[in-house]
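The values are calculated or read from the model by the stated rules, or taken from the named source; none is laboratory data. These figures come from a predicted structure and were not determined experimentally. Note that each Cβ is placed from the backbone with ideal geometry, even for glycine, and that neighbours are counted across all protein chains shown.
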Amino acid sequence: MDFDWKAKYDALHSTFPTHKRRPVIGITGNFGDKGCELAEGYYRSVLEAGGTPFIIPPYEDKDALLGVLDHIDGLLLSGGGDINPLFLNEDPSPQLGSINPRRDLPELLLVRLAYDRQIPMLGICRGIQMLAAALDGKLYQDISHAPCKHESECPIKHDQSLPREYASHRISVEQDSTLEHIFGGNHTLFVNSFHHQAVAAPGPHLRVSATAPDGIIEAIESTEHKSILGVQWHPECFILRGDRTMLPLFQWLVGEASSFREAIELHERILTLDSHCDTPMFFDQDICFNQRDPRILVDLHKMTEGHLDASIMVAYLPQGERDDESLRKVTAKTYQLLDGIEHLVVSNSKHIGLARTPDELYQLKAEGKKAIMMGIENGYAIGRDLSLLGHFRRRGIVYMTLCHNGDNDICDSARGKGEHGGLSPFGREVVREMNRLGIMVDLSHAAESSFWDALQLSSVPIVCSHSNCRSLCDHPRNLTDEQMRALAERGGVMQITLYEGFLRRDGQATILDAVRHINHAVEVMGIEHVGIGTDFDGDGGVPGVASASELINLTRLLRQVGYNEQQLRMLWGENFLRVMREVQLNVDEN
């Protein structure tokens, strides 16, 4: 050993520092006779994979746990004793092993909080069981409780006495799984085994990606395109012996952690705007916007977790009757919803501000606050009274969607009966007045005839705040390539939405479909004319990007398919705000 530590210190500072920040991987510590401890293989494996290991002792201080999550880029759940079955609403079986009473609760909280924050996770042995337990799965307290699925090959011995750095049995890897990709397409792996508890069911958020010959689950991973993986064996033991067979697991974790950190840092530099959310639809349920409310997809916690700076909340009005009394009621409802948005902001003024202009959005971000803008979804709100547009603009709305699912007095809807053949004469007055007042014209939900009329008539660019590509999903609410090209030629913007029915016509839509629509829109229109309008709380949200908390996943995936920082800046709001500036600068004060 070289004891000249000062020479090493001098060497670290002998040249200009050019080292790149390595992803920080938090590793849960075990408990021994003298307190927190960690087997060497865990941190050695992280180091060899290119990460910086950080040991997380077991403690229940919630502020400290949250502080740790703010500073790590990935989470490695280490092995150890059995999980207390009381946390799974079960009583202990006679085969239950030793329990460490100080580990379970902190780690259950860590996993669930890391899941909310999209932090990449790898669970090892006890760690795979902790993932399942925290994410609504089930465990076998002892493998003897598991039914044998392959009579000719079971049971096999899972708790063996040979040294841990040697393989003891084989496992089968599922096709098209993360685990298969990590190991280069191999469908058989040779692993060690030192456990008697096992995953009985992975739960709704995870799926099985490898099994032992007797059917025991050996690996699980996310069903939601998240960076979550659990393995039942001890890969770190191989690496201590110099066997690099299992190093790809740790390289995967470090790589995902690096992608996660880079996406967060990008969000810190750019403004992220969701151009359409329907959270006000839930105001009558007494939602708690300053808490992580399970009833809504957008709240302060989820905006923070997903690193979303701003959202345009709309007063949504379902299309109804158009007699005088119905129109009076719908206008009153519009005022009520706008009042609710303002009340939400005032009630949380330490953390949120109401913005009316792009400059105010950037100012709120500089102050460390989230921003809310207001819009109206469905021109039904104004009935046949043009003067209401001025009232609503003074309230702060930035756009109005001309119609919803049904024709109104302004125009025909994509889901209507073609009453006007496009814009009505009143609708033409509405578009001109919106231009004059500086209100963006939104053509999502409009029939093609209404789209073409408004595009030709408007003196400033128009927007589609939450629409997708019809060539990829043949739905009348989506835009044809011809519409998309024309919208771009007139300087407008199309905001890709996350509603399943507008992403694909068959099967389960996911975040991959959202990226597919973004890619197609960029190819047809150019990067300058595409953005993101989620439709959260209005049926928007798909696996991988199911709430505001998961929007960082969309950025990660867009970076992976090749979008650079400037392009992401444009997609995440700059394009939409360019149109907003132009519309607001066009205001006629007369």
Is one or more of the residues making up the range 468-490 crowded, with 17+ Cβ neighbours inside 10 Å, over 23 Å from residue 375 (Cα atoms) and among the basic types (Lys, Arg)?
yes
Return a yes/no flag: does the range 236-251 have any residue that is among the hydroxyl-bearing types (Ser, Thr, Tyr), surrounded by 19 or more Cβ atoms within 10 Å (Cβ to Cβ) and either over 27 Å from the mean Cα position of the chain (by Cα) or modelled with pLDDT of 95 or more (or both).
no
Looking at 533, 540, 501, 562, which one is surrounded by fewer than 19 Cβ atoms within 10 Å (Cβ to Cβ) and in contact (Cβ under 8 Å) with a residue 24 or more places away in the chain?
501
Condition first: in contact with a His (Cβ under 9 Å, 6 or more places away or on another chain) and in the same structural domain as residue 290 (by TED's automatic domain parsing). Can you find one or more residues in the range 348-368 that meet it?
yes
Output the residue which, of all residues in the range 444-461 that are touching a helix residue (DSSP H, G or I) at 6+ places or on another chain (Cβ under 9 Å) and touching a residue at least 60 places away in the same chain (Cβ under 8 Å), is surrounded by the most Cβ atoms within 10 Å (Cβ to Cβ).
461
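Checking the condition basic (Lys, Arg), over 27 Å from the mean Cα position of the chain (by Cα), within 28 Å of residue 303 (Cα to Cα) and assigned by TED's automatic domain parsing to the domain that holds residue 329, which residue from 436, 432, 394 passes?
Residue meeting the stated conditions: 394.
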Index of the failed condition, residue 144 passing every other in (1) in a loop (DSSP other than H, G, I, E, B); (2) out of contact with any strand residue (DSSP E or B) (no Cβ under 8 Å at 6 or more places or on another chain); (3) surrounded by fewer than 18 Cβ atoms within 10 Å (Cβ to Cβ)
(1)
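Quick grid of which residues meet (1) within 19 Å of the chain's Cα centre (by Cα); (2) of a type in the set (A, V, I, L, M, F, W, C); (3) not in a loop (DSSP other than H, G, I, E, B):
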position: 466; (1), (2), (3): yes, no, no
position: 476; (1), (2), (3): no, no, no
position: 484; (1), (2), (3): no, yes, yes
position: 512; (1), (2), (3): yes, yes, yes
position: 515; (1), (2), (3): yes, yes, yes
position: 524; (1), (2), (3): no, yes, yes
What's the number of the only condition in (1) crowded, with 16+ Cβ neighbours inside 10 Å; (2) within 33 Å of the chain's Cα centre (by Cα); (3) under 20 Å from residue 245 (Cβ atoms) that residue 202 fails to meet?
(3)
Considering residues that are within 31 Å of the chain's Cα centre (by Cα), exposed (fewer than 14 other Cβ atoms within 10 Å of the Cβ) and either not assigned by TED's automatic domain parsing to the domain that holds residue 392 or not in a loop (DSSP other than H, G, I, E, B) (or both), the number found within the range 312-338 is 1
Is it the case, given these coordinates, that residue 29 is closer than 30 Å to residue 201 by Cα and surrounded by 15 or more Cβ atoms within 10 Å (Cβ to Cβ)?
yes
Give me a count of the residues in the range 267-286 that are farther than 25 Å from residue 445 by Cβ and either modelled with pLDDT of 95 or more or aromatic (Phe, Trp, Tyr) (or both).
5
Unique match (being in the same structural domain as residue 237 (by TED's automatic domain parsing), surrounded by fewer than 17 Cβ atoms within 10 Å (Cβ to Cβ), of a type in the set (Asp, Glu) and within 30 Å of residue 547 (Cα to Cα)) among 136, 104:
136
Please list, ordered by residue number, the strands (runs of 3 or more DSSP E) wholly in the range 208-306 having 2 or more residues that are more than 30 Å from residue 125 (Cβ to Cβ), outside the structural domain of residue 366 (by TED's automatic domain parsing) and touching a residue at least 12 places away in the same chain (Cβ under 8 Å).
none
Among the numbered conditions (1) surrounded by fewer than 16 Cβ atoms within 10 Å (Cβ to Cβ); (2) closer than 28 Å to residue 242 by Cα, tell me where residue 34 comes up short.
(2)
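Residue by residue, here is whether (1) of a type outside the set (Phe, Trp, Tyr); (2) surrounded by fewer than 22 Cβ atoms within 10 Å (Cβ to Cβ) holds:
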site	(1), (2)
340	yes, yes
352	yes, no
355	yes, no
359	yes, yes
363	yes, yes
374	yes, no
380	no, no
386	yes, yes
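So, residue 526, is that one surrounded by fewer than 22 Cβ atoms within 10 Å (Cβ to Cβ), under 14 Å from residue 274 (Cβ atoms) and in contact (Cβ under 8 Å) with a residue 24 or more places away in the chain or not?
Numbers: surrounded by fewer than 22 Cβ atoms within 10 Å (Cβ to Cβ): yes; under 14 Å from residue 274 (Cβ atoms): no; in contact (Cβ under 8 Å) with a residue 24 or more places away in the chain: yes.
It is false that residue 526 is surrounded by fewer than 22 Cβ atoms within 10 Å (Cβ to Cβ), under 14 Å from residue 274 (Cβ atoms) and in contact (Cβ under 8 Å) with a residue 24 or more places away in the chain.
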Answer yes if at least one residue in the range 91-101 is in a loop (DSSP other than H, G, I, E, B), among the hydroxyl-bearing types (Ser, Thr, Tyr) and exposed (fewer than 11 other Cβ atoms within 10 Å of the Cβ), and no otherwise.
yes
